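Below is one structure, written out as structure tokens; comments come after it.
Readers should treat all values here as calculations from the given coordinates under stated rules, not as data from a laboratory. Just so it is clear, the structure is predicted and the values come from calculations on it, not from any experiment. Heads up, the Cβs are rebuilt from the backbone with ideal geometry, glycines too, and the neighbour counts pull from every protein chain shown.
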């Protein structure tokens, strides 16, 4: 029985939301020591990060250091070897205490293949 695109979209969003909640509530369990030298203020910055529309970026466990490019005034980031445009509503214009660009994204699985939904992006350096 084939699912329509709307049903796939709904299921993908529901799964992504549940995963985000599960990850943010189990962030301590996912810390396998790789964050032991991260200062508390940096952890707090990651944990409280929200997009300009108020969407939680999910916590530091979901943030990925990244390079980026600017093409015709829009940020682009590489994810798994492919470049994706960063939606303007995902760009967070704030001081970046890490000094490296960070992108938060969710996998979008669908009948036509997988892609990524960028939910937050903080460029490196001054904004």
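The figures follow:
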{"quantity": "Residue 109-residue 68 FRET efficiency (beta carbon distance; Förster radius 25 Å; 0.05 resolution)", "calculated": "0.50"}
{"quantity": "Computed label-point distance, nm, for sites residue 47 and residue 100 using a 7 Å Cα→Cβ extension", "calculated": "2.2 nm"}
